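Participant: This is the structure I want to talk about, given as structure tokens.
The values are calculated or read from the model by the stated rules, or taken from the named source; none is laboratory data. Just so we're clear, the structure is a prediction, and the values are computed from it rather than from any experiment. Note that we place each Cβ from the backbone using ideal geometry, even for glycine, and neighbour counts take in every protein chain shown.
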Amino acid sequence: MRLSFSEGVSGLAACAAVGLITEDLLLTLAVFVLLAGVKLVWTDDGLFVLPAAYVFHWVETSIGLVYKALFGREVPAFNSSNYQPMVLIALGCCLALAVGVRLGMTLMPKGPEDKPRLEYAFSFGLLAVAYVVATSLEGTLVTLAADYPSVRQIIVTADTARLGLLFLVLRRLLHPTPRWAIIAGVLAVEVAMGITGFFAGFREPLVLAALALFEIFDRTNTRHWFAMAVATVGAVAIGLLWMGIRGEYRRNYIQIDNFQTSRSARLQNVRTLSLDFLNADRDSTWETADKLVDRMWTIYYPALAVERVPSHVRHTDGEILSAALVHIVTPRVFFPSKPELQSDSEKVRKYAGVMVAGAEQNTSIAFGYAAEAYVDFGVPLMFVPVFAFGLAMGALYVLFNRLIFHHELFVAFGTIAFWISLYLFERSWATLLGIALGMMIYLGVPVVFFDRYLFAAALRRQRAAEPLLYSDEHPSSVA
């Protein structure tokens, strides 16, 4: 990583401008952490998944500050908690994660300079068919995951392979000439599928489209700027819409007969609720925006925990992290009777002192790995496991890049696996580590073996076509 003079000056100027305009030192520090972190996790392979995941990670630590600076509106965390210490802790976690990722990528031994590479693993036709088939099977996989909890992690991780296929389809549709109409159609279907689920499943397709567009982005191309602007505005609008209809929609999802099995019924319900939301007055829209920011800014309950620990509740000396590590190394497929971990809601009740909804209401309130690390170790030791996690993820990114010979397969795996593993700040240690480990084992290892199979097949075809180039006197390899 090299910081050019112009980058340094631009970064300092941006921080200075934020400080002068907002007179908020905390927001100025947040902007510095954002810029420094993006630079630390930046890669030279033409992919933008690590910077994108870091930015979203940072957003969940600082969006409340940005929202207040831009619109002058405050969410509950401002007035109901001492939020500043927790924001500082959260920014420290972001920076520790970024430093860990950078060192992990840097400390990995260098691979051979002449490593063989193939660009494409499939024809576009085969890729499109695989994507359609995977999409049609998604509902079945979700049902199987619910019916067979002992292998749930394996099934859910396998289901994310569909997102990899979607990403490759979007990349192919952008090369060599973007086919905007088809891309818009694919995204419309994906968003409709996502918004008619129980969770915000529309987010990943929009993120993948943006990441694919970044790969070909030309600052001199007006259409690229327009597409990026449309994607950004669309993502914000859909997020606002979802927040406005989510409560009523989920109640209907649970209470109405046959609602879960009928996508057309869910689409009709989304349409009705959306029209009601769009017809609401301006004050209601702002209230929904406040709720969206409050939901994304996962600071409130951790801030309450920082106030109570260790003055009212002692540090646990690593109990939460230890339990998470034991949990992820004893997969339920081999240990079906292992006990459930303490839920996030129970941690909020114990350490933040707030009686929030929990398992009895079939819900869980986010507490997050940063709050858990603080409860476990306090400052500054809490940043050590965050740094170690980043170190492992950075090393794994480089390792899989070297193990996978087909560039396109690494692009798909790397984008999906590292986005899903890194982008959420609000995850508990058990969830964060479990998802990352599942991605590397249940998705990464099969991709490596599949890649080797395809590479060997390609090598055999090339040897058959040009046998003289592969005689004992003239060894060669696929380049």
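Participant: Answer yes if at least one residue in the range 73-90 is without any contact (Cβ under 8 Å) to a residue 60 or more places away in the chain, assigned to a helix (DSSP H, G or I) and of a type in the set (A, V, I, L, M), and no otherwise.
Facilitator: no
Participant: Filter the range 108-149 down to the residues that are loosely packed, with under 13 Cβ neighbours inside 10 Å and of a type in the set (Lys, Arg), then identify the one that is modelled with the highest pLDDT.
Facilitator: Only one residue fits best here, namely LYS110.
Participant: Let me ask something else. For the range 398-466, list the helices (runs of 4 or more DSSP H) that sit wholly inside it and hold at least 3 residues that are farther than 30 Å from GLN342 by Cα, of a type in the set (D, E, K, R) and without any contact (Cβ under 8 Å) to a residue 60 or more places away in the chain; which are they?
Facilitator: Output list reads 445-465.
Participant: Of the conditions (1) in contact with an Asp or Glu (Cβ under 9 Å, 6 or more places away or on another chain); (2) aliphatic (A, V, I, L, M); (3) closer than 24 Å to ALA210 by Cβ, ALA36 clears all except one; give me its number.
Facilitator: ALA36 satisfies all of (1) in contact with an Asp or Glu (Cβ under 9 Å, 6 or more places away or on another chain); (2) aliphatic (A, V, I, L, M); (3) closer than 24 Å to ALA210 by Cβ except (1).
Participant: Among the residues that make up the range 227-234, is at least one of them farther than 20 Å from GLU138 by Cα, surrounded by fewer than 16 Cβ atoms within 10 Å (Cβ to Cβ), within 18 Å of the chain's Cα centre (by Cα) and of a type in the set (S, T, N, Q)?
Facilitator: Taking every residue of the range 227-234 in turn, at least one turns out to be farther than 20 Å from GLU138 by Cα, surrounded by fewer than 16 Cβ atoms within 10 Å (Cβ to Cβ), within 18 Å of the chain's Cα centre (by Cα) and of a type in the set (S, T, N, Q).
Participant: How many residues, within the range 174-186, are crowded, with 16+ Cβ neighbours inside 10 Å and either over 21 Å from GLY139 (Cβ atoms) or touching a helix residue (DSSP H, G or I) at 6+ places or on another chain (Cβ under 6 Å) (or both)? Lay out the reasoning, then the answer.
Facilitator: To start, the set of residues in the range 174-186 that are crowded, with 16+ Cβ neighbours inside 10 Å comprises 174, 178, 183, 186.
Next, only the ones that are either over 21 Å from GLY139 (Cβ atoms) or touching a helix residue (DSSP H, G or I) at 6+ places or on another chain (Cβ under 6 Å) (or both) stay: 174, 178, 183.
So the count comes out to 3.
Participant: Given the condition surrounded by fewer than 22 Cβ atoms within 10 Å (Cβ to Cβ) and polar (S, T, N, Q), answer yes or no: does some residue in the range 298-319 qualify?
Facilitator: Yes, there is a match, as at least one residue in the range 298-319 is surrounded by fewer than 22 Cβ atoms within 10 Å (Cβ to Cβ) and polar (S, T, N, Q).
Participant: Also, I was wondering about something else. May I ask you to list pairs of residues, at least six apart or on different chains, whose Cβ atoms are under 8 Å apart, with the first in the range 271-284 being among the charged types (D, E, K, R) and the second being in a helix (DSSP H, G or I)?
Facilitator: Pairs that qualify, where the first residue is among the charged types (D, E, K, R) and the partner is in a helix (DSSP H, G or I), are ASP276/ILE245.
Participant: Of all residues in the range 253-270, count the ones that are basic (Lys, Arg) and either buried (at least 19 other Cβ atoms within 10 Å of the Cβ) or without any contact (Cβ under 8 Å) to a residue 60 or more places away in the chain (or both).
Facilitator: Our first condition is that a residue be basic (Lys, Arg); within the range 253-270, this holds for 263, 266.
Still in the list and also either buried (at least 19 other Cβ atoms within 10 Å of the Cβ) or without any contact (Cβ under 8 Å) to a residue 60 or more places away in the chain (or both): 266.
Count: 1.
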